[in-house]
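Some notes on the structure that comes next.
The values are calculated or read from the model by the stated rules, or taken from the named source; none is laboratory data. Computed from a predicted model, the values in this text were never measured in an experiment. No Cβ is skipped: glycine too gets one built from the backbone with ideal geometry, and neighbour counts run over all protein chains shown.
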Amino acid sequence: MSLAHEAAREAAPFYLPVGTESELFLLAFRRRIPVLLKGPTGTGKTRFLEHMAHRLQLPLVTVACHEDLTVGDLTGRYLLKHNETVWVDGPLTRTVRQGGICYLDEVVEARKDTVVVIHPLTDHRRLLPLERRGEIIQAHPDFCLVMSYNPGYQTILKDIKQSTKQRFIAIELNFPPPAVEKEILIHEGGVGEDQAALLVELAGKVRQLKNRGLDEGVSTRLLVYAATLMRDGLPPLDAVRCAVLLPLTDDPLVQQGLYDLAQGVLGGRN
């Protein structure tokens with residue numbers, strides 16, 4: 001392996017802290033406390049975990065939660081293999097056995113009866129019962145359970161039970177301050193300071209419209225997409241329109257209002 005490849009492999013995923021989230025996560029890991037990441041979509045929850053997993057030199061196993069996710073999808077099931085039935089561990093079980101960070105992404109989307117399986121892992125016992133195998137697994141010392149969700153999408157039908165929430169410490173990740181967000185766009189999107197500053201200014205104005213025509217503010221992720229398109233030569237207004245404005249709303253009137261806002265910030269640059 002070349003030195004360049006070795007350096008790339010060892011480089012930590014880029015993440016700029018906006019508070020004490022890194023220190024809190026390290027303390028939680030050392031004390032074997034599960035972590036709940038709260039915040040809007042696109043604010044860096046997954047990147048933060050990738051960064052922390054690299055710092056701790058632990059594997060990160062991500063499960064994208066959805067309404068059809070079953071206990072078997074998490075813990076494992078019997079499968080037919082070479083004319084015999086064998087047990088195959090699911091992602092949660094593998095991480096419990098071997099150590100690492102198991103990340104249940106957007107856990108509010110999962111069925112409540114599925115989430116209950118994690119309860120014995122989230123207290124002093126740190127156990128995972130496998131009822132189908134009649135086995136109880138003691139979690140590896142380096143096992144860490146992390147869940148994430150967007151509180152803005154809570155409803156009566158889709159929320160995390162209090163009995164589950166109160167088994168975790170919570171770390172809230174929100175939109176970064178303008179100076180930090182600008183640095184992210186320069187690094188991740190490859191644009192200059194002036195273009196990054198304009199995108200951050202636009203984002204601030206759009207976020208003020210949340211609950212006034214928009215369900216969500218523009219995420220840092222979308223700003224990075226816009227910056228990437230601008231870096232590759234797409235005119236700024238076109239980049240912002242397809243990467244920021246259109247994903248936010250399907251309402252033509254709101255889209256036009258956002259486009260007018262973008263024109264005012266970007267000064268009609270094309």
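Checking the structure you have, find out if any residue of region 73-96 is among the small types (Gly, Ala, Ser), under 25 Å from Asn150 (Cβ atoms) and out of contact with any helix residue (DSSP H, G or I) (no Cβ under 7 Å at 6 or more places or on another chain).
Here is the first cut: in region 73-96, the ones among the small types (Gly, Ala, Ser) are 76, 90.
Within this subset, residues satisfying the condition of being under 25 Å from Asn150 (Cβ atoms) are 90.
Retained after the next criterion (residues that are out of contact with any helix residue (DSSP H, G or I) (no Cβ under 7 Å at 6 or more places or on another chain)): none.
No - not one qualifying residue is present in region 73-96.
Are any residues in region 19-45 among the hydroxyl-bearing types (Ser, Thr, Tyr) and at pLDDT below 95, and if so, which ones? Steps first, please.
To start, the set of residues in region 19-45 that are among the hydroxyl-bearing types (Ser, Thr, Tyr) comprises 20, 22, 41, 43.
Within region 19-45, Thr41, Thr43 meet the criteria.
Looking at Ile186 and the list (1) within 30 Å of Tyr149 (Cα to Cα); (2) over 23 Å from the mean Cα position of the chain (by Cα); (3) β-branched (Val, Ile, Thr), which single condition is not satisfied?
Ile186 satisfies all of (1) within 30 Å of Tyr149 (Cα to Cα); (2) over 23 Å from the mean Cα position of the chain (by Cα); (3) β-branched (Val, Ile, Thr) except (2).
Step by step: first the residues of region 24-83, then only those that are out of contact with any strand residue (DSSP E or B) (no Cβ under 7 Å at 6 or more places or on another chain) and among the small types (Gly, Ala, Ser), then the one that is surrounded by the most Cβ atoms within 10 Å (Cβ to Cβ). Which residue is that?
Per the stated criteria, the residue is Gly44.
On the basis of being among the charged types (D, E, K, R) and more than 30 Å from Ala203 (Cβ to Cβ), does Arg77 make the cut? Walk me through it before giving the result.
Numbers: among the charged types (D, E, K, R): yes; more than 30 Å from Ala203 (Cβ to Cβ): yes.
Here the answer is yes, as Arg77 does meet what is asked.
Tell me which residues, restricted to region 197-217, are touching a strand residue (DSSP E or B) at 6+ places or on another chain (Cβ under 9 Å) and under 14 Å from Gly257 (Cα atoms).
Step one: of region 197-217, the residues touching a strand residue (DSSP E or B) at 6+ places or on another chain (Cβ under 9 Å) are 206-207, 216-217.
The answer is Val206, Arg207.
Just give me the residues in region 241-266 being surrounded by 11 or more Cβ atoms within 10 Å (Cβ to Cβ) and in a loop (DSSP other than H, G, I, E, B), in sequence order.
Across region 241-266, the qualifying residues are Thr249, Asp251.
In region 36-44, is there at least one residue being free of Cβ contacts under 8 Å to residues at least 12 places away in the same chain and outside any helix (DSSP H, G or I)?
Initial filter on region 36-44 (free of Cβ contacts under 8 Å to residues at least 12 places away in the same chain): none.
Checking region 36-44: not a single residue is free of Cβ contacts under 8 Å to residues at least 12 places away in the same chain and outside any helix (DSSP H, G or I).
Does any residue of region 213-223 turn out to be acidic (Asp, Glu) and in a loop (DSSP other than H, G, I, E, B)? Please lay out each step first, then the result.
To start, the set of residues in region 213-223 that are acidic (Asp, Glu) comprises 215-216.
If we keep only those that are in a loop (DSSP other than H, G, I, E, B) too, we end up with 215-216.
Yes, region 213-223 contains a residue that is acidic (Asp, Glu) and in a loop (DSSP other than H, G, I, E, B).
Can you confirm whether Asp238 is part of a helix (DSSP H, G or I), in contact (Cβ under 8 Å) with a residue 12 or more places away in the chain, among the acidic types (Asp, Glu) and more than 26 Å from Leu173 (Cα to Cα)? Working first, answer last.
Working: part of a helix (DSSP H, G or I): yes; in contact (Cβ under 8 Å) with a residue 12 or more places away in the chain: yes; among the acidic types (Asp, Glu): yes; more than 26 Å from Leu173 (Cα to Cα): yes.
Considered against the rule, which asks whether it is part of a helix (DSSP H, G or I), in contact (Cβ under 8 Å) with a residue 12 or more places away in the chain, among the acidic types (Asp, Glu) and more than 26 Å from Leu173 (Cα to Cα), Asp238 comes out as yes.
State all residues of region 168-191 that are free of Cβ contacts under 8 Å to residues at least 60 places away in the same chain and surrounded by fewer than 14 Cβ atoms within 10 Å (Cβ to Cβ); if no residue qualifies, say none. Quick ask: steps written out before the conclusion?
Applying the first criterion (free of Cβ contacts under 8 Å to residues at least 60 places away in the same chain) to region 168-191 yields 178-179, 181-182, 185-186, 189-191.
The one that is free of Cβ contacts under 8 Å to residues at least 60 places away in the same chain and surrounded by fewer than 14 Cβ atoms within 10 Å (Cβ to Cβ): Ala179.
From the residues in region 89-147 that are of a type in the set (S, T, N, Q) and outside any loop (DSSP other than H, G, I, E, B), which one is surrounded by the fewest Cβ atoms within 10 Å (Cβ to Cβ)? Talk me through it step by step, then tell me what you get.
Filtering region 89-147 down to residues of a type in the set (S, T, N, Q) leaves 93, 95, 98, 114, 122, 138.
Next cut, outside any loop (DSSP other than H, G, I, E, B) only: 93, 95, 98, 114, 138.
Numbers: Thr93: 20, Thr95: 26, Gln98: 14, Thr114: 20, Gln138: 12.
Filtering region 89-147 for residues that are of a type in the set (S, T, N, Q) and outside any loop (DSSP other than H, G, I, E, B), the one surrounded by the fewest Cβ atoms within 10 Å (Cβ to Cβ) comes out as Gln138.
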